[in-house]
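**Student:** Dropping a structure here in structure tokens format, bear with me for questions.
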Amino acid sequence: MSESTGVIHDIGYQRYTGPRLGRASVFGALYLHGLRTVFGFGRSAKAKIFPWLVVGIVIVVAAVVAAVRSQVGQVVMTYAQFPTTMGWLTIFFVAVAAPELVSRDLRSGVLPLYFSRPLARSDYPLAKLLALVTALWLLLGGPQLVMFLGAAFTLDEGPRGVWNELLDLLPGLLYAGLWAAVFGAIGLLVAALTGKRAFAAGGIVAVFLMTTPIVGILAILPARTINELAFLASPMTMVNGVGTWALGDLLFEGGDGLPIGGFGPLYALAAVLLVAGCVVLLLARYRKVATR
Amino acid sequence: MALIATESLTKTYRGGVTALAELTVVVEPGIVGLVGANGAGKSTLIKILLGLLPPTNGQVRVLGLDPTTQPDQVRARVGYMPEHEALPPDLSAAELVTHLGRVSGLPRTVARERASEALRHVGLYEERYRPVGGYSTGMKQRVKLAQALVHDPDLLLLDEPTNGLDPAGRDAMLALIHRIGTEFGISVLVCSHLLGEVERICHTLVAIDGGRLLRADRIDAMTSATDVLAVEVSEGTEELAARLAALRLPVRRDGRLLLVELADDDTYDQILGAVAELDLPLHRLDQRRHRVAELFATREPSHV
């Protein structure tokens, strides 16, 4: 009969009568979970090492660039050049992040737990893709913001100078978005094909590695049209081609950019089609996976 | 309202394999056992109930909803525990169940609360913050059950929930399922190829074989009519049989045994009285509760 205050009473099972959120909230939950996954939040310390190493590198590079500019006055790297310079580092980041997002789920068999819930089949891959693209954009855009702040606080030209910097920064961020979309779409599609993370990572690096020599070969063939279209053969040079056409001076200061002739719009169209194609294949892949 | 109702439900996979053939069954809320050998069509039926697979033919209703046209409404009210390994090893049980609760549409804080509640109900306490990869099979099964429970479904679909468990683990899991079905007020469909296991906790049994319905009934209806008393006397079996028949008790011979259908407790007294009057040496008198398996066995003459 002694009723002590420290006792935990088993209150039994409680039914839930509160609200159940709709598709947008569910998509958001999945998207945020994906974004956390990429950076290792909610996971072991080991899962945080690589992503944060890469984040550390890009931030340090941006800080050094900003410091050199403020001290020496020389622009080592423009905003738009930043994603290009970080190209291979970005590829390695995708090669680790994309398998973490989708291959792991394929292997562990967790997908039936998702698809037995009120979740549209297409929402799972789309939320994962959006999470990866966002992570890449933060990775490539964040350091640009560091460079911008460094410049904004050290320039002598006042508000006018800051405004000019901002006009340089915005195309750089847009360009980072293009990189993020192309790399993310290709990386996630490759990773979704296998449950083995090592295979997925190798496959992603291979897609970028194997296509680069093709560009080299096409670029030296004795036909001008082929040379100008050569850069379509690899995702990295394709994005560079779009940048040459759309950003011009901002990307290749003083230089000529890639010799793509008058095919700029074609490069842009190709990039759009590449991303769209990857998304279509990704959705088809998950239509198949969901019924297993 | 029926919990699950199917009518002429047929599923033929590409390649001509028929997983379900003209399955017509109606089950009422409660704990339902779905039994059948491996490949009988249990998993196919579950996938159709979840709206993951479209049936080739026929009608299906779950909680009064059609999973082929309203899959999201069905899935919002159903919890599913798959047969196979289904947990990412690097996430903690708390993190995983919370996340899946949110995917079921629970708000963030509610999902976290209900996740720890669900894990507590299945018997996971402090270990829920450790990565699932280090769990025993029994703990993993509990996490799978907790994730099916987190969004407070009206129906649980459990596919072989005792798979890979040792005898003690099986008993604990069955007790838990029984508790969910009775105390929690959630209907449960338990799939198993082990009839002896599910008949202990179920109210209703549905047996399928080769995609066809063998029998579906309430378990008390299956067993009550078949409880018999087995009487064995060392000598004078014929005399006793005649005497019992004279007492209007339905008697059958089964080798050296007399089988008497048990009507009520008086049957005992009548048999004992008859044995005493004839002064026969009684060897044994016990109640035989027919195992449900025998009921199904007699229903399948084609399988001899």
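**Student:** Using the structure shown, decide if A:Val26 is crowded, with 19+ Cβ neighbours inside 10 Å, in contact (Cβ under 8 Å) with a residue 24 or more places away in the chain and more than 7 Å from chain B (Cβ to nearest Cβ). Reasoning before the result, please.
**Tutor:** On the way: crowded, with 19+ Cβ neighbours inside 10 Å: yes; in contact (Cβ under 8 Å) with a residue 24 or more places away in the chain: yes; more than 7 Å from chain B (Cβ to nearest Cβ): no.
No, not satisfied.
**Student:** Shifting gears a bit: From the set of residues in segment A:140-170 that are small (Gly, Ala, Ser) and touching a residue at least 40 places away in the same chain (Cβ under 8 Å), which is nearest to A:Ile59 (Cα to Cα)?
**Tutor:** My answer is A:Gly142.
**Student:** Exactly one condition in (1) touching a residue at least 24 places away in the same chain (Cβ under 8 Å); (2) crowded, with 18+ Cβ neighbours inside 10 Å is false for B:Leu249; which is it?
**Tutor:** The failed condition is (1).
**Student:** Would segment A:114-121 turn up any residue that is surrounded by fewer than 21 Cβ atoms within 10 Å (Cβ to Cβ), more than 13 Å from every other protein chain (Cβ to nearest Cβ) and in contact with a helix residue (DSSP H, G or I) (Cβ under 6 Å, 6 or more places away or on another chain)?
**Tutor:** Looking through segment A:114-121, none of the residues is surrounded by fewer than 21 Cβ atoms within 10 Å (Cβ to Cβ), more than 13 Å from every other protein chain (Cβ to nearest Cβ) and in contact with a helix residue (DSSP H, G or I) (Cβ under 6 Å, 6 or more places away or on another chain).
**Student:** Looking at segment B:255-293, which of its residues are outside any loop (DSSP other than H, G, I, E, B), at pLDDT below 80 and loosely packed, with under 12 Cβ neighbours inside 10 Å?
**Tutor:** Once the filter is applied, which keeps residues that are outside any loop (DSSP other than H, G, I, E, B), at pLDDT below 80 and loosely packed, with under 12 Cβ neighbours inside 10 Å, segment B:255-293 yields B:Asp265, B:Asp286, B:Gln287.
**Student:** Another question about this same structure. Any idea which of A:Gly142, A:Gly158, A:Gly109 is out of contact with any helix residue (DSSP H, G or I) (no Cβ under 9 Å at 6 or more places or on another chain) and either away from every other protein chain (no Cβ under 14 Å) or charged (D, E, K, R) (or both)?
**Tutor:** A:Gly158
**Student:** Within segment B:168-177, can one find any residue that is assigned by TED's automatic domain parsing to the domain that holds B:Val78, in contact (Cβ under 8 Å) with a residue 60 or more places away in the chain and not charged (D, E, K, R)?
**Tutor:** yes
Matching residues to (1) in contact with a Ser or Thr (Cβ under 7 Å, 6 or more places away or on another chain); (2) closer than 20 Å to A:Ser108 by Cα; (3) facing chain A (nearest Cβ under 9 Å); (4) surrounded by fewer than 19 Cβ atoms within 10 Å (Cβ to Cβ):
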residue	(1), (2), (3), (4)
B:Leu45	no, no, no, no
B:Arg75	yes, no, yes, no
B:Tyr80	yes, yes, yes, no
B:Thr98	no, yes, no, no
B:Arg102	no, yes, yes, no
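**Student:** For B:Ala94, which of the numbered conditions (1) surrounded by 19 or more Cβ atoms within 10 Å (Cβ to Cβ); (2) more than 8 Å from every other protein chain (Cβ to nearest Cβ); (3) within 20 Å of A:Gly12 (Cβ to Cβ) fails to hold?
**Tutor:** Among (1) surrounded by 19 or more Cβ atoms within 10 Å (Cβ to Cβ); (2) more than 8 Å from every other protein chain (Cβ to nearest Cβ); (3) within 20 Å of A:Gly12 (Cβ to Cβ), B:Ala94 violates only (3).
**Student:** Show me the strands (runs of 3 or more DSSP E) entirely contained within segment B:203-243 in which 1 or more residues are touching a Cys at 6+ places or on another chain (Cβ under 8 Å), at pLDDT below 85 and of a type outside the set (Val, Ile, Thr).
**Tutor:** Working: elements: B:204-209, B:212-218, B:228-233.
Fully inside segment B:203-243 and qualifying: nothing.
**Student:** Let me ask something else about it. Does at least one position in segment B:128-146 carry a residue that is touching a strand residue (DSSP E or B) at 6+ places or on another chain (Cβ under 8 Å), within 14 Å of chain A (Cβ to nearest Cβ), touching a residue at least 40 places away in the same chain (Cβ under 8 Å) and not in a helix (DSSP H, G or I)?
**Tutor:** Looking for residues that are touching a strand residue (DSSP E or B) at 6+ places or on another chain (Cβ under 8 Å), within 14 Å of chain A (Cβ to nearest Cβ), touching a residue at least 40 places away in the same chain (Cβ under 8 Å) and not in a helix (DSSP H, G or I), one finds at least one in segment B:128-146, hence yes.
Per-residue answers, yes or no, for (1) at pLDDT below 90; (2) small (Gly, Ala, Ser):
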{"residue": "A:Lys196", "(1), (2)": "no, no"}
{"residue": "A:Ala206", "(1), (2)": "no, yes"}
{"residue": "A:Ile214", "(1), (2)": "yes, no"}
{"residue": "A:Ala223", "(1), (2)": "yes, yes"}
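**Student:** Using the structure shown, decide if A:Leu53 is free of Cβ contacts under 8 Å to residues at least 40 places away in the same chain, away from every other protein chain (no Cβ under 13 Å), closer than 19 Å to A:Arg197 by Cβ and assigned to a helix (DSSP H, G or I).
**Tutor:** Details: free of Cβ contacts under 8 Å to residues at least 40 places away in the same chain: yes; away from every other protein chain (no Cβ under 13 Å): yes; closer than 19 Å to A:Arg197 by Cβ: yes; assigned to a helix (DSSP H, G or I): yes.
Yes: the conditions hold for A:Leu53.
The values are calculated or read from the model by the stated rules, or taken from the named source; none is laboratory data. Note that this is a predicted model, so its numbers are computed, not measured. Because the Cβ atoms are built from the backbone with ideal geometry, glycine has one as well, and the counts that use them run over all protein chains shown.
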